[in-house]
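Just below is one structure, and these are the notes that go with it.
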C-alpha cells in the first residue's frame with residue numbers, strides 16, 4: 001500500500017507524515033497491497049486546516065474530508081476515521097452482495113418538480129472518471145460518497161444516467177430517451 005501526501009500552503013513535517021503513515025498502515029489489512037491512498041492537506045486563508053483523503057477500491061472511490069480551526073492533527077484523525085468507516089461499509093456491502101442478492105432491481109421514479117432559482121453561479125468544479133456500472137453499483141457508490149446524486153454510465157445501455165435522492169427519501173433515476 002502506498003500513501004501519497006501533498007500539501008498546499010503547509011510544510012509537511014516528519015510528525016505529520018508519521019501520523020498519517022501510522023494511521024493508514026492500520027487500514028492495510030482491509031485493502032489490496034497495491035492500493036494508493038491520496039492525502040491532501042490544505043491551510044486556508046482563515047487559518048483553517050483541511051484534510052482530503054481519496055482511496056480507490058474495487059469498483060468505487062472512497063473520499064473523506066475533515067477540517068479543524070487550528071489543529072491539523074485533529075483534522076487528519078477525523079478524515080482517517082471517516083475513510084475507515086467507509087472502507088468497512090464498502091466491504092460489508094460487497095460481502096452481502098456475494099452472500100445474497102442484496103440489491104434487487106426496483107423501479108425508480110423520475111424527478112417530479114424542480115424550482116429554478118435566479119442568479120446561480122458555479123462556485124466549485126470537480127472532475128471525475130466515468131466508468132460503466134450497473135444501477136446497483138451506482139447506488140452503492142452514491143451511498144459511499146454521501147452525495148444526494150450520482151452521474152454514471154449504465155453498463156447495459158452505455159448511456160449517461162443520473163441517480164438522485166428524492167425529498168421523500170426514495171431514489172430517482174434519470175435516463176435519456178433513445
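Observations
- Candidate set from segment 168-178 (those that are modelled with pLDDT under 85 and more than 21 Å from the chain's Cα centre (by Cα)); member that is nearest to residue 138 (Cα to Cα): 177
- Pick from segment 33-62, criterion surrounded by 11 or more Cβ atoms within 10 Å (Cβ to Cβ) and in a loop (DSSP other than H, G, I, E, B), ranking: modelled with the lowest pLDDT: 59
- Answer residue from segment 1-10, given it is farther than 10 Å from residue 41 by Cβ and surrounded by fewer than 14 Cβ atoms within 10 Å (Cβ to Cβ) and is nearest to the chain's Cα centre (by Cα) among those: 4
- Within segment 11-20, the set of residues being surrounded by 15 or more Cβ atoms within 10 Å (Cβ to Cβ) and either farther than 15 Å from residue 64 by Cα or without any contact (Cβ under 8 Å) to a residue 40 or more places away in the chain (or both) comprises 16, 19.
- Residue in segment 74-89 that is modelled with pLDDT under 85 and over 30 Å from residue 44 (Cα atoms) present: yes
- Restricting attention to segment 126-158, the residues that are surrounded by 12 or more Cβ atoms within 10 Å (Cβ to Cβ) and farther than 17 Å from residue 60 by Cα add up to 1.
The values are calculated or read from the model by the stated rules, or taken from the named source; none is laboratory data. A quick note: this is a predicted structure, and the numbers were derived from the prediction, not measured. Every residue, glycine as well, gets a Cβ built from its backbone with ideal geometry; the counts of neighbours run over all protein chains shown.
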